[in-house]
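Engineer: This structure is in C-alpha cells; I'll ask about it shortly.
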Number of protein chains: 2
Amino acid sequence: MVTMRDVAERANVSIATVSFVLNGTKRVAPATRARIEAAIEELNYRRNVVARALASSRTRILALLHPDLESRPNATVIQFVMGAAHGARERGYDLVLWPVNDDEQMSHLLAGGLVDGVLLMEVQIRDSRVERLLSSGVPFVLIGRTENDDLPYVDIDFATTIHQAVEHLRSYSHRNIALVTQRTKASPGNEPGRIMRVESAYLGAIAPLGGRPAVITVEGTSAGGREAASTLHTDFPEATAVILVNEGASAGLAKGVRALGRTVPEELSIISAATTHEFGEMIEPALTVMAAPAPELGRLAADALVDQLEGVPASPHVLIPCTLVPGQSVGPAHL
Amino acid sequence: MVTMRDVAERANVSIATVSFVLNGTKRVAPATRARIEAAIEELNYRRNVVARALASSRTRILALLHPDLESRPNATVIQFVMGAAHGARERGYDLVLWPVNDDEQMSHLLAGGLVDGVLLMEVQIRDSRVERLLSSGVPFVLIGRTENDDLPYVDIDFATTIHQAVEHLRSYSHRNIALVTQRTKASPGNEPGRIMRVESAYLGAIAPLGGRPAVITVEGTSAGGREAASTLHTDFPEATAVILVNEGASAGLAKGVRALGRTVPEELSIISAATTHEFGEMIEPALTVMAAPAPELGRLAADALVDQLEGVPASPHVLIPCTLVPGQSVGPAHL
C-alpha cells in the first residue's frame, strides 16, 4: 500500500508538506504543490479519508437540507446552495445535498454519523427539524430563522429590504402599495419565517403612507402570479404598486397584469424582492429587483458552521439586506 | 458506547431488523420502523458510518462534478442535479457537490478517497477530466458524452429532439429554420458534446427542406439572446422559425425579436429545446418547448453509477429525447 511517506519521498519534500497540501491546512508554493500532486498521481496514492475520519472522529462533510429542492428549483435557492458548496470547499469540507422532507428520514440520516454539521434551509417559525437537530447534538446553522433568534443563523434582512422597497416606491409618489408573498404547505401561523417577517415589515413600512394594507398570498408558480394579478385587480384596484416576494410568481404576475389591460410601469409598478438580477431581466418588462445576497449568505453559512466545528469564535448571527437593482418596472404613480 | 444491540433490545427486535432500517436494505413494517427510530433517538445512538466505511472500504458517497454551477444556475441543470441527489438517496448513497473547474483540484479530490464514484456534467467532446477519472480508477458515469461512446453515460437524445422540433415546424410550413446554440469557454471543436450533436442533427434535419443553414452561437444570457435576435434579423432575414438550444438566452431572444418589431409567432416562430416547461411559460409569449428529461436522467445517472459500484448488470448507455410541450410561440410560416 502506498503511504504518505512514499509520496513525500517521490516528491522530495517532507511528510508535513504533503499533509499541508492534502489537508489544505497551509499554503504551499505552487511548484512544490504541483510536484506533490504529480507524485500522488504517479503512485496512484489514494489517501484514506475514512481512516483519517476515524482517527479524528470527524468526516469533514456538511449536509445541506432543503425540503423540496427538486419540486421547486428557484434561482435564488440555487445561489444559496452553490454559495454553501463553494464556502465548504474553501474550508476543506464537502457539502452533501439532502433533499429531505420528512422528519423521520432526517433523524435516520443524522443518526448515521456521516456529517459533522448541517445547514438547514426553508426554516419555519416553529420547525420540528430544528428540534431534531438540537436533540441529535449535530452542530448546525440555519439559513433563515425560527422564532428563537438565539440559534445560529444567516438570513436576508427582510425588514430593511422591505423598508427600502417601500422607500423606493414612495420616491415615485406611490401611496397604495400591495404585497404579494408565497403560499406554502405549512400550516397558518407556522410558515417559513421569511413570510411572516416580510408581512410584518410591510405593514410597518406602509403605515405612514395611509394606504389600505393589501396582502396577497399565492403559489410560487406562473399560475400563482396570474392569480395575484387578478386578485389585485378585483380586490385592491387602488394599488399603484406591488412588492413581490415570490420569485416563482413574478413572470406570471407581469403577464397577468398585462392580460388585464394594465401597463407596467405606467399603470402599475412592480418591485420583485429576494430574487436575482438575471432572473428579473428575463421578464417583460425587465423587473426592478431587490437582489438577494444569496451566494454570499450561502458561503457565510458554511463558514459559520465550520467556525463552530473548529471552535473559531465568530458571530452566530448574520443579516444582510437585498440590494436594489433598477429595471423598467417602476415609474411614477398615476394619481 | 451505545451499540446496535442496545437499539435492538430497546425496540424489542432483532439486530438484523435494526440493520435493515439503518441500511434501507429491506422493507420493515412502519410500526416496527417507528419503534426502532424511537429507540435510536432515546439512546442517542449514532451509527458509525465511518467504521462501516472502513470495514467495507466504501463510503457510499457519490460526487457530482460541474465546472460552473455557481456562475450559471440554469433550471435544467438544477433538475439534473436534484434528480441525481434523489436517485442516490433512493439507493442509500449521498451525493456531494463539487463545483470544480480545474483538473488539478479534481485530482486532489479524487485522491482523497472520499467518494465511491463520480457523476460528471458539462462533458466536452475531448474532456481532460475524463482522462483524470480513467487514470484515478474511480468509477464514473457521464451526464453527456465525449467522442468516445463506449464510456458509461446518460444523455439527452439530441438527434431525435432536433428532428422532432424540425418536424413540428415543418408541419406549420416552415422551410427556413435557424438554430441558436450556446457559446462556451471551450476551444472550438472541443465544445460540450451537446453543442456539436445539436448542430449536426440540425444540419441533417433541415437539408431536405432546401433552406439555407443558419447557425448562431451566443452566450447563455439575456444579452446573448438579444444578440441572437439581432444577428438573425441582419444575417438571416429569410428565417421564419428558430430552434433555440440555449435556455439562458431564451428570454432575451423573445424580447430582442419584439424590440426589432417582429411578432412571435406571427412573424417568427420559436421552439426552445432542452429546457423546462415551467421556464418556457415565464417568457412572453409562453414558449413552445422541448422539455428535457432532466430529473429522470439525473436519477438514472445515479442509478447507473450505483449499479456499477454494486456489480449489478445494467445498460451503461441511456439516451432519452426531450418532449414537445406546445406553448404560444409556434404558428404558421408567413410565406
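Please treat every number below as a calculation from the coordinates, not as lab data. Here the structure is a predicted model, which means the values were calculated and not measured. With ideal geometry, Cβ positions are generated from the backbone for all residues, glycine too; neighbour counts draw on all protein chains shown.
Engineer: Only Lys, Arg, Asp and Glu count, each charged at its Cβ (+1, +1, -1, -1), so figure out the dipole size of segment B:158-292 about its Cα centre, rounded to 20 debye.
Structural biologist: In debye, rounded to 20, segment B:158-292 gives about 220.
Engineer: Would you kindly work out, in nm and rounded to one decimal, the distances from the label point of B:Ala207 to those of the same position in each other copy, ordered shortest first, with label points 7 Å along Cα-to-Cβ?
Structural biologist: Label point to label point, same position, other copies: 7.3 nm.
Engineer: About the Cα centre of segment A:234-335, how large is the charge dipole given +1 on each Lys and Arg Cβ and -1 on each Asp and Glu Cβ? Please answer in debye to the nearest 20.
Structural biologist: The dipole of segment A:234-335 has a size of about 240 debye.
Engineer: Using only the Cα atoms of segment A:158-292, each taken as one equal point scatterer with no solvent, compute I(q) by the Debye sum, divide by I(0), and report log10 of the ratio at q = 0.11, 0.18, 0.21, 0.22 Å⁻¹.
Structural biologist: Normalising to I(0) and taking log10 leaves -0.33, -0.94, -1.34, -1.49.
Engineer: Determine the percent antiparallel among the DSSP beta bridges restricted to the protein assembly as shown, to the nearest 5.
Structural biologist: 15 percent
Engineer: Suppose we flag trypsin sites (Lys or Arg not before Pro) only when DSSP calls them loop and at most 12 other Cβ atoms lie within 10 Å. Which is the longest uninterrupted stretch of chain B? Spell out each step's value before the answer.
Structural biologist: Numbers: sites that count: B:Lys26, B:Arg27, B:Lys185.
No qualifying site falls inside B:28-184, the longest such stretch.
Engineer: How far apart are the A:Glu9 label points across copies, placing each 7 Å from Cα toward Cβ, in nm, shortest first?
Structural biologist: From this label point to the equivalent ones elsewhere in the assembly: 4.9 nm.
Engineer: Would you kindly state the longest site-free stretch of chain A, with sites defined as GluC sites (Glu not before Pro) in a DSSP loop (not H, G, I, E, B) surrounded by at most 12 other Cβ atoms within 10 Å?
Structural biologist: Answer from the scan: A:1-146.
Engineer: Now a separate question. Across the Cα atoms of segment B:272-335, what radius of gyration and what greatest pairwise Cα-Cα distance (Dmax) are found, in Å?
Structural biologist: When restricted to the Cα atoms of segment B:272-335, Rg and Dmax are 16.9, 58 Å.
Engineer: Follow-up. Relative contact order of chain A, please, whole-number percent, based on alpha carbon pairs below 8 angstrom and at least 6 residues apart. Walk me through the numbers before you get to the answer.
Structural biologist: Working: 647 pairs, mean separation 61.0, N = 335.
The value is 18 percent.
Engineer: How much of the pair distance distribution for segment B:212-293 lies past 21 Å, counting alpha-carbon pairs only, in percent?
Structural biologist: Considering segment B:212-293, 17 percent of its Cα-Cα pairs are separated by more than 21 Å.
Engineer: Extent of the protein assembly as shown along each principal axis, from alpha carbon coordinates, in Å, largest to smallest?
Structural biologist: Here the Cα extents, ordered largest to smallest, are 71, 65, 54 Å.
Engineer: Taking 1 over the mean of 1/r across every pair of different Cα atoms in chain B, what Kirkwood radius in Å do you get? Walk me through the intermediate numbers first.
Structural biologist: On the way: mean 1/r = 0.0453 Å⁻¹.
The Cα-based Kirkwood calculation yields 22.1 Å.
Engineer: What are the nm distances, shortest first, from B:Ala29 to its equivalents in the other copies, labels at 7 Å along Cα→Cβ?
Structural biologist: Going from nearest to farthest copy, the values are 7.0 nm.
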